[in-house]
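Okay, structure first, notes after.
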Amino acid sequence: MGQIFRQILPDAPALPDSVLAPMSGITDRPFRRAVRRAGGGLVVSEMIASHAVLSQIAPELAKMRFSAEEEAPLSIQLAGHDPAIMAEAAKMAEQLGASMIDINLGCPAKKVTGRMAGSALMAEPERAGQIFSAVRQAVRCPVSVKMRLGVDEHHMNAAEIATIAEQAGLCMVTIHARTRAQMYKGAARWHLAAEAVSSLCLPVLINGDICNAQDAEKALSQSGAAGIMVGRAAQGQPWLLGAIEADMAGDKTFQLPDSALRHEYIVTHLDEMMTQYGSRGLKLARKHLASYCDYLPRSEQLRTLMMRADQVGQIFAALHDYFSDADVAA
Ligand SMILES: Cc1cc2nc3c(=O)[nH]c(=O)nc-3n(C[C@H](O)[C@H](O)[C@H](O)COP(=O)(O)O)c2cc1C
């Protein structure tokens, strides 16, 4: 591990080959910072709709608000169907300081595929190629693509699309080991990415259902990929990517955060949510707080208190009480 980004981002500090997956509504700036703080490497933004940023739609523009200084290296993920618009949005992201651009060919949501973007492009190799080339030519920074295994069981064309990406000069491919038709159903089938991996010189990240180092090792050996991308399992445990890396490297000195450090991570994350979103922060933070509870022992009461709170001070107090409990700290 630790080879992929030496070439792709030679100026960045040494980066592990485990990457935080883009997740709409989750991998915003506060969560990305939480992951980085807890030992993660490259992080990817939420998907940003290219047409919406160019039309100055405020919520989409807000997703482009990041601090290149604090967040680098950061990959900005763009979705769209129009090569020229994707190229313009990529230029904008690069000017704002993105270290990399990722092109979304994986999202199965109707609001994205209805615009023939995201995973709908798996069925349009020619259009996908035009987008790859337009974005590649528009920016100096490296460009990658995140895709699915294919459209459905009868069109498993990840190898075809990945080859087009390689020919267009992209630097890396991520494969979410499900088809578009599967959405998020069924288990990820890592072995079905092997054909695409072996047909490429480019590094491939394997993605889907990786929750620990054992999963990561299986996903890597079944697919032949060079690295992993982890999404849902990192919710509530932003230290997971660092933990997986350490486990795979046989680093016995790595320790999961103790309860004092978990408390600090959660409070800092919540604080940053409030700074980023103002009065909306409390509502938006609930999904993260609930996820943190999934990994905290005896946290039923804490969860209830935090879900019911209408003032952020009540949440800080509930967290303080919970983490002051000697049984939790033990
Ligand atoms: C809430 C949510 C939002 C997501 N948003 C995006 C997105 O914006 N762009 C993208 O390429 N994939 C998105 N995905 C897919 C993830 O990046 C990832 O491919 C998928 O969750 C499988 O990986 P996992 O099992 O590690 O979570 C999203 C997934 C979830 C659960």
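Details
- Value of [θ]222 nm, deg cm²/dmol, for the chain, DSSP H segments ≥ 4, -39500 (n - 2.57) each, nearest 500: -13000 deg cm²/dmol
- Each of R115, R280 was scored by other Cβ atoms within 10 Å of its Cβ. Listed from fewest to most, they are R280, R115.
- Within the listed set P142, P13, P238, the residue fluctuating most in the Gaussian network model of the chain (springs between alpha-carbon atoms under 10 angstrom) is P13.
- In a simple Cβ point-charge model (Lys, Arg +1; Asp, Glu -1; nothing else charged), the chain has a dipole of about 700 debye relative to its Cα centre.
- Within the chain, DSSP assigns beta bridges of which about 5% are antiparallel (rounded to the nearest 5).
- 5 angstrom amide H check on V19, placed H, neighbours 5+ away: I228, M229, V230
- With a cut-off of 14 Å between beta carbons, the residues surrounding L96 carry a summed charge of -1, where Lys and Arg count +1 and Asp and Glu -1.
- Value of relative contact order over segment 4-248, rounded to a whole percent, pairs C-alpha under 8 Å and six or more apart: 18
- Across segment 259-329, Cα-Cα pairs more than 20 Å apart make up 19 percent of the total.
- Expressed in Å, the radius of gyration and Dmax of the Cα atoms of the chain are 19.6, 61.
- Cβ-to-Cβ counts within 10 Å put V312, V19 in ascending order as V312, V19, the fewest first.
- Size of charge dipole - segment 259-329 - debye, nearest 20, with Cβ of Lys, Arg +1 and Asp, Glu -1, no other charges: 340
- Angle between the chain longest axis and helix 83-95 axis [Cα atoms, degrees, rounded to 10]: 50
- For segment 1-108, with +1 on Lys and Arg beta carbons and -1 on Asp and Glu, the positive-most of L15, Q3, G39 along the dipole: G39
Read-outs throughout are calculated quantities, based only on the coordinates presented, and are distinct from any laboratory measurement. Worth saying up front: this structure is predicted, and the values here are computed from it rather than measured. Neighbour counts are summed over all protein chains in view; Cβ atoms, including those assigned to glycine, are modelled from backbone coordinates with ideal geometry.
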